[in-house]
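Read the structure below first, then the notes.
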Amino acid sequence: MLTMNDIVREGHPALREIAKDVSIPPTNEDQNLLEDMLLFLKNSQDDEIARTYELRPGVGLAATQLGIAKRMIAIHFDDANGKKYSYGLINPRIVSHSVEKAYLASGEGCLSVDRSVEGYVPRYARITMKATDLEGNEIKLRLRDYAAIVFQHEIDHLNGVMFYDHINKDNPLLAPENAKAID
Ligand code: ZN
């Protein structure tokens, strides 16, 4: 199983690499890796397992964060309305997005960043994504608010982008324009 020891941290060059497309259908190796990434997230949200293995709770993980430059992300969380999002996705891409932006009122965090970084991270409020899922099926997802933010954070990792790259350097807590705060 994956643990925090497998996750590369801020300053590691792998986090700035552009990940490569994964061949479809995925190989067993790629599928197993993606399943392990999803399992890590589930484990990290289980109090007892997380305590035993000292896992920081996370809702998303990109292969980039394991030092593997492949376009694969795992996502696992329930939104404020109790809707479940649990996906292992290959070659995820945003095919359209809103003009309106959104940002987390409490800022963003990252399993690869061992410090809290203050500042608002502007994201698209709504996105439509396409990707290949764990079973090899092409899927389309429409996401908004918190869910849209989580997916954008993970897709950014595949392009070597960290969440704090988006924070206003001069005034981190200046509310981004045309953006709504998400609690
Ligand atoms: Zn991250």
Self-check item: Label-point separation, Ile49 to Arg144 (7 Å along Cα→Cβ), nm
Solution: 3.2
Quiz item: Over the chain, what is the mean sequence separation of C-alpha contacts under 8 Å (at least six apart), divided by residue count, expressed as relative contact order in percent?
Solution: 25
Self-check item: Inter-site label distance for Ala69 and Lys169 at 7 Å from Cα along Cβ, in nm
Solution: 2.5
Quiz prompt | Equivalent ellipsoid dimensions for the stretch 1-53 as semi-axes, Å, which come from the Cα gyration tensor, largest first | solution = 24, 18, 7
Exercise. Return the calculated 222 nm mean residue ellipticity for the chain, to the nearest 500 deg cm²/dmol, obtained by summing -39500 (n - 2.57) across DSSP H runs with n ≥ 4 and dividing by the residue count.
Key: -6500 deg cm²/dmol
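Among the listed pairs Lys70/Lys169; Lys84/Lys140; Lys83/Lys140, give every one whose C-alpha distance is greater than 21 Å.
Over 21 Å Cα-Cα: Lys70/Lys169.
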Quiz prompt | Cut-off under 5 Å, modelled amide H: who pairs with Tyr124 long-range | solution = Ala102
Quiz item: What accessible area per residue, rounded to a whole number of Å², is obtained for the chain using a probe radius of 1.4 Å?
Solution: 52
Self-check item: Protection-proxy order for peptides 151-164, 61-74, each taking the mean of Cβ atoms within 10 Å per residue, highest first
Solution: 61-74, 151-164
Quiz item: Under the definition of Cα pairs under 8 Å and six or more residues apart, what whole-number percent is the relative contact order of the stretch 44-152?
Solution: 22
Quiz prompt | Computed over the chain, Kirkwood Rh from alpha-carbon pairs, angstrom | solution = 16.7
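The values are calculated or read from the model by the stated rules, or taken from the named source; none is laboratory data. Everything quoted here is computed from the prediction, not taken from an experiment. As a convention, Cβ positions derive from the backbone with ideal geometry for all residues, glycine included, and neighbour counts pool all protein chains shown. To get the accessible areas, we keep the full protein, side chains included, count just its heavy atoms, and leave off ligands, DNA and RNA. Shrake-Rupley method; radii C 1.70, N 1.55, O 1.52, S 1.80 Å.
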